[in-house]
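The values are calculated or read from the model by the stated rules, or taken from the named source; none is laboratory data. Only a predicted model underlies this, so the values are computations on that prediction, with no experimental measurement involved. Cβ placement follows ideal geometry from the backbone for every residue including glycine, while neighbour counts extend to all protein chains displayed. What goes into the accessible areas is simple: the full protein's heavy atoms, side chains included, and nothing from ligands, DNA or RNA. Shrake-Rupley method; radii C 1.70, N 1.55, O 1.52, S 1.80 Å.
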Amino acid sequence: LGRANYAYDDRYLQTVSFRQDGSSKFGRNNKWAGFPSAALAWKIHNESFLEKNKTISNLTARLSYGQTGNQGIGSYASLAKLAVYNYPFNGTLQTGLADDVFAGPANADLKWETTSAYNAGIDLGLLKDRINLHVDAYLKRTDNLLQYSTTLGSSGFQRQLRNSGSVENKGIELALDAFIVKNSQFQWKSLFNISFNRNKIL
């Protein structure tokens with residue numbers, strides 16, 4: 001994991017990171033994967049044209065992107081496995097080993113399930129942060145879903161674990177908080193939030 005942060009004049013902020021993950025659960029061809037991320041922020045309220053503004057105490061724009069990986073499968077899932085089977089031989093029931101029909105054939109190309117997330121947001125603070133509004137719009141897409149797929153009967157197996165399919169989530173989140181009363185004797189703060197999300201199987 002590597003990360004670099006940069007800030008200029010308390011106005012422009014940036015962070016970039018990259019991680020390389022490996023897992024023995026995946027096939028021999030794809031045990032490693034890299035996941036980058038980056039985030040930018042602009043503190044607009046620190047610009048010269050807003051320095052003397054007495055109403056806006058905070059105005060920040062944000063933009064980010066990042067990837068993560070999922071290895072949530074069982075151990076040895078990419079390998080061929082044997083299972084115990086009983087069969088009749090010479091009039092008695094014997095025990096033996098054969099390919100695990102239910103586990104499926106080996107998959108040397110099995111790889112990380114990857115989620116990519118995009119986010120854009122804005123934070124607004126008014127009257128010395130007595131009123132605060134946060135708005136975020138996001139798009140999240142997961143590719144190479146780890147799931148079992150039905151195989152052809154002629155293969156001798158019922159299914160195989162594969163990277164197949166994509167899912168998308170996108171939406172908007174809003175949060176508003178305000179101090180109705182704020183003094184040395186008593187404080188009353190109210191909060192409101194609402195979100196909208198759409199999920200789609202691609």
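Taking the range 44-68 as the range and being free of Cβ contacts under 8 Å to residues at least 60 places away in the same chain, open to solvent by 50 Å² or more (accessible area, probe 1.4 Å) and within 29 Å of the chain's Cα centre (by Cα) as the test, the residues that pass are L63, Y65, T68. Within the range 6-21, track down each residue that is exposed (fewer than 12 other Cβ atoms within 10 Å of the Cβ) and free of Cβ contacts under 8 Å to residues at least 24 places away in the same chain. Across the range 6-21, the qualifying residues are Y6, Y8, Q20. Evaluation of G96 against the conditions (1) in a loop (DSSP other than H, G, I, E, B); (2) over 28 Å from G22 (Cβ atoms); (3) not hydrophobic (A, V, I, L, M, F, W, C) shows that the sole unmet condition is (1). Of the residues making up the range 129-169, those that are farther than 20 Å from L40 by Cβ, modelled with pLDDT of 90 or more and among the charged types (D, E, K, R) number 6.
Within the range 76-124, the only residue that satisfies the criterion of being hydrophobic (A, V, I, L, M, F, W, C), open to solvent by 90 Å² or more (accessible area, probe 1.4 Å) and touching a residue at least 40 places away in the same chain (Cβ under 8 Å) is F102. All of (1) over 31 Å from the mean Cα position of the chain (by Cα); (2) modelled with pLDDT of 95 or more hold for I122 with one exception: (1). Inclusion of A77 among residues that are of a type in the set (A, V, I, L, M, F, W, C) and not in a strand (DSSP E or B) is warranted. Can we say R28 is under 18 Å from the mean Cα position of the chain (by Cα) and open to solvent by 50 Å² or more (accessible area, probe 1.4 Å)? Considered against the rule, which asks whether it is under 18 Å from the mean Cα position of the chain (by Cα) and open to solvent by 50 Å² or more (accessible area, probe 1.4 Å), R28 comes out as no.
Every residue, every condition in (1) at pLDDT below 95; (2) among the hydroxyl-bearing types (S, T, Y), yes or no:
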{"site": "K25", "(1), (2)": "yes, no"}
{"site": "W32", "(1), (2)": "no, no"}
{"site": "A61", "(1), (2)": "no, no"}
{"site": "G66", "(1), (2)": "no, no"}
{"site": "G69", "(1), (2)": "no, no"}
{"site": "A77", "(1), (2)": "yes, no"}
{"site": "A83", "(1), (2)": "yes, no"}
{"site": "T95", "(1), (2)": "yes, yes"}
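Scanning the range 109-127 for residues that are over 19 Å from N70 (Cβ atoms) and outside any strand (DSSP E or B) yields a count of 1. Restricting the range 148-195 to residues that are under 22 Å from the mean Cα position of the chain (by Cα) and of a type in the set (D, E), the residue that is farthest from K111 (Cα to Cα) is E173.
The criterion of at least 1 residues that are closer than 30 Å to S57 by Cβ is met by the following strands (runs of 3 or more DSSP E) wholly inside the range 142-202: 167-182, 187-201. For the range 170-187, which residues satisfy the criterion of being modelled with pLDDT under 90 and basic (K, R)? Listed by number, the list holds a single entry, K182. Cβ-Cβ contacts under 8 Å between residues 6 or more apart (or on different chains), taken from a first residue in the range 168-186 that is over 18 Å from G125 (Cβ atoms) to a second residue that is outside any strand (DSSP E or B) and open to solvent by 40 Å² or more (accessible area, probe 1.4 Å), are listed as E168/L202.
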